[in-house]
1. Could you please give the count of residues in the range 138-183 that are surrounded by fewer than 21 Cβ atoms within 10 Å (Cβ to Cβ) and aromatic (Phe, Trp, Tyr)?
2. Do we find that Val278 is open to solvent by less than 20 Å² (accessible area, probe 1.4 Å) and within 30 Å of Pro328 (Cα to Cα) in this structure?
3. Of everything in the range 44-70, what is out of contact with any strand residue (DSSP E or B) (no Cβ under 9 Å at 6 or more places or on another chain) and within 20 Å of Gln104 (Cα to Cα)? Give them in sequence order.
4. State yes or no: is Ile94 within 29 Å of Gly162 (Cβ to Cβ), open to solvent by less than 10 Å² (accessible area, probe 1.4 Å), assigned to a helix (DSSP H, G or I) and touching a residue at least 40 places away in the same chain (Cβ under 8 Å)?
5. Run Ile269 past the list (1) open to solvent by 10 Å² or more (accessible area, probe 1.4 Å); (2) more than 27 Å from Leu18 (Cα to Cα) and report the number of the one that doesn't hold.
6. Which of the strands (runs of 3 or more DSSP E) contained wholly in the range 113-225 include at least 1 residues that are without any contact (Cβ under 8 Å) to a residue 60 or more places away in the chain?
7. Scan the range 306-326 and give yes if some residue there is open to solvent by 40 Å² or more (accessible area, probe 1.4 Å), over 20 Å from Val25 (Cβ atoms) and either assigned to a helix (DSSP H, G or I) or aromatic (Phe, Trp, Tyr) (or both), otherwise no.
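The values are calculated or read from the model by the stated rules, or taken from the named source; none is laboratory data. Computed from a predicted model, the values in this text were never measured in an experiment. We place every Cβ from the backbone using ideal geometry, glycine too, and count neighbours over all the protein chains shown. We work out accessible area using only protein heavy atoms, side chains counted, and drop any ligands, DNA or RNA first. Shrake-Rupley method; radii C 1.70, N 1.55, O 1.52, S 1.80 Å.
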Amino acid sequence: MTANVGLILGSAIPPERLPELARTVERAGFAELWPCEDYFFYGGISGAAAALAATSEIQVGLGVVSALARHPAALAMEIATIARLHPGRFLPGIGLGVPAWINQMGYHPDSPATVLREAVTSVRQLLDGEELTRTGKVFTFDRVKLVHPPEVRPPLYMGVVGPNLLRLSGEVADGNVVSVLAGTEYIRWLRQKVGEGRATSGRTDPQRITTFVLYSVDKDSAKAKKSLRAITAFYLSAMPRSALTDVYGVGDELWDMYTRGGTDAAALIANEMPEQWVEDLVVAGDPEECAAKIQALSDAGSDSVCLYPMPIERTDEMIQLTVSDVLPKLG
């Protein structure tokens, strides 16, 4: 299948650059554009609104807002507003959030599954025009009804990693935002787990998979791969035990590095991790290598592959090189 390729506007990008970059991405012909909500950088909802206002056709996602950072009633109101302003172009994603960040806000959920089930189902019902009055285990609603629901509800994506939450996403979500560091084996495994949840709820409608990938392209393949080594190690240290690496078969090896590294775990992982991890967990190399890796993720089950250019200061350069030398190789 021909790969659909999108671009991520990383959280380190100054928010005043978002409209300009959004226009550049649309003109370049990318299929999707995803601003981030990484706490505490720029706001994902306002970032998505800015990107949509600056463009005319490209679909714009929200990757992803924490279900705990905003009450589902307030989140549904924000989604409805953007969906009415830009019908058919907004792809909101909901997750739990990076534990370290949500802990900074005082959130320590006993049951992530309960949080996400209540949040996603409530947002869906409110966007569909329903009035909610109920007291859940996490969220309470007292005669909440949107005054301006969207005419067509946008698809709700979930950003989750582990098997139980993936099954839940198959039950209640319309799509999945897949975390960076997802290899092809993980994408196939994710499809299976999501499918189990869909079977449980008897769903037969399509469920889109959007895969985020750390990305570096350069005419010098070695240079591109070296530039992602430290950031790959950073993300591995942030998720030292997850399905992403367990499915890949390196969970125990990574955990050993993480525990030995202590407060400098990222540095130790960057120094010790095999080169094959970079080959398999990110998209890096010369244009031909990058095109092949994007195609492999598509063939494994990704409906779109969204590139996260690193380092940030090379974003403009890499957009140009991707358009001229990578996308044509994907047909």
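1. Summing the residues that are surrounded by fewer than 21 Cβ atoms within 10 Å (Cβ to Cβ) and aromatic (Phe, Trp, Tyr) in the range 138-183 gives 2.
2. In short, yes.
3. Within the range 44-70, Leu68, Ala69, Arg70 meet the criteria.
4. Numbers: within 29 Å of Gly162 (Cβ to Cβ): yes; open to solvent by less than 10 Å² (accessible area, probe 1.4 Å): yes; assigned to a helix (DSSP H, G or I): no; touching a residue at least 40 places away in the same chain (Cβ under 8 Å): yes.
Against the criterion (within 29 Å of Gly162 (Cβ to Cβ), open to solvent by less than 10 Å² (accessible area, probe 1.4 Å), assigned to a helix (DSSP H, G or I) and touching a residue at least 40 places away in the same chain (Cβ under 8 Å)), Ile94 does not qualify.
5. The failed condition is (1).
6. Fully inside the range 113-225 and qualifying: 132-135, 140-144, 175-178.
7. no
For every residue, the table says whether it meets (1) among the β-branched types (Val, Ile, Thr); (2) within 14 Å of the chain's Cα centre (by Cα).
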site	(1), (2)
Glu16	no, no
Phe30	no, no
Trp34	no, yes
Phe41	no, no
Ser56	no, no
Ile82	yes, no
